[in-house]
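Chemist: I'd like to ask some things about the structure below.
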Amino acid sequence: MFKTFQKLKLANSETYFIAEIGINHNGELKNVYKLIQAAKLAGCDAVKFQKRNPEHCVPKLQWNIMKDTPWGRMTYIDYKKKMEFSKNDYKKIINYCKAIEIDWFASCWDISSVKLMEKLKIPCYKIASASLTDLNLVKAIKKTNKPVILSTGASTLNQIKKVVNIIGQKKLAILHCNSSYPAKYEELNLNMIKKLKKIFPRSIIGYSGHEIGLSPSLAAVVLGAKIIERHITLDKSLWGTDQQTSIEPLGFARMIKDIRTIEKSLGVEKKIVYESEKKVMKKLRLYD
């Protein structure tokens, strides 16, 4: 994964696409396999999961709140436990990713989850926007010496700098992000991508989108994003809080295709008269 990070620092490198599976699997391994396969077919480079220990992450005041779920009505803490996969489940998931040749990693929401992922030889960590201010978690991830992808939604520049000072820029990718679900277009502030590139020149800068639609992700690449992360779903109408702001497989494939076209079109900061133009000019111009 570190080699991938180094490659992304090159000016002419292709965009790296991450399909955020998150909790869109609704606790079912069969859905995970379908989502991984859909991401691969769409042209994604990686799939991303979320790993948490609910007893560490969910405030106790919320444990006994009742919630309607696909498994019936249950307490919030029981629901959160239902959404988590075991170590053996992750072994199956990792083997599937290896079999179809797609990268995988996860955002860990607590230190016990980091310890589990280390046992599974995770190649890269994601620090979610919600965890950006959990500096104990950040330090635990730093100790693994693995590459890190940091989302920056709902965070100030000073908060971001604190994390960068701990992690260091060498093995770090920073994703501009708005944490609203869905994010309003007028609040995406995509020009921050350019500023992040200036402030953190030794890190990779990317974009994690939660808006409805594809065009902001295309614009992010034009502005210099080298990583695009979007949530993927099998069907927007499925049960779950993230489904509606996710992209279905065909939409993901279309986005990637359009961005690959943009990459070919951007060129360099130099005016070039191409051979294909010279023939036209010879025919149409009266003066040199």
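Chemist: So which residues in the stretch 85-102 are out of contact with any strand residue (DSSP E or B) (no Cβ under 9 Å at 6 or more places or on another chain) and exposed (fewer than 12 other Cβ atoms within 10 Å of the Cβ)?
Modeler: Within the stretch 85-102, SER86, LYS87, ASN88, ASN95, ALA99, GLU101 meet the criteria.
Per-residue answers, yes or no, for (1) crowded, with 17+ Cβ neighbours inside 10 Å; (2) touching a residue at least 12 places away in the same chain (Cβ under 8 Å):
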position	(1), (2)
ASN178	yes, yes
LYS195	no, no
ILE199	no, yes
ILE204	yes, yes
ILE228	yes, yes
THR245	yes, yes
GLU275	no, no
LYS278	no, no
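Chemist: Let me ask something additional. Condition check: over 20 Å from LEU132 (Cα atoms) and among the charged types (D, E, K, R). Does LYS60 satisfy that?
Modeler: So LYS60 fits the description; yes.
Chemist: While we're on this one: With touching a Pro at 6+ places or on another chain (Cβ under 8 Å), hydrophobic (A, V, I, L, M, F, W, C) and either crowded, with 18+ Cβ neighbours inside 10 Å or more than 23 Å from GLY209 (Cβ to Cβ) (or both) as the only criterion, which of ALA173, ALA183 stands out?
Modeler: None of the other options fit; the residue is ALA173.
Chemist: I'm trying to understand the selection: among the residues of the stretch 10-51, which are outside any helix (DSSP H, G or I), under 21 Å from VAL221 (Cα atoms) and touching a strand residue (DSSP E or B) at 6+ places or on another chain (Cβ under 6 Å)?
Modeler: THR15, TYR16, PHE17, ILE18, ALA19, GLU20, CYS44, ASP45, ALA46, VAL47, LYS48
Chemist: Quick one: in the stretch 103-133, which of the residues that are hydroxyl-bearing (Ser, Thr, Tyr) and outside any loop (DSSP other than H, G, I, E, B) is surrounded by the most Cβ atoms within 10 Å (Cβ to Cβ)?
Modeler: TYR125
Chemist: Is there any pair linking a residue in the stretch 11-32 that is on the phi > 0 side of the Ramachandran plot to one that is assigned to a strand (DSSP E or B), with Cβ under 7 Å and at least six apart or on different chains, and which?
Modeler: GLY22/GLN50; GLY22/HIS231
Chemist: Moving to a separate point now. How many of the residues in the stretch 18-34 are among the aliphatic types (A, V, I, L, M) and buried (at least 24 other Cβ atoms within 10 Å of the Cβ)?
Modeler: 3
Taken together, the values in this text are just the output of simple stated rules run on the coordinates, not laboratory data. Just so we're clear, the structure is a prediction, and the values are computed from it rather than from any experiment. When we count neighbours, we look across all protein chains shown, and the Cβ atoms used for this are built from the backbone with ideal geometry, even at glycine.
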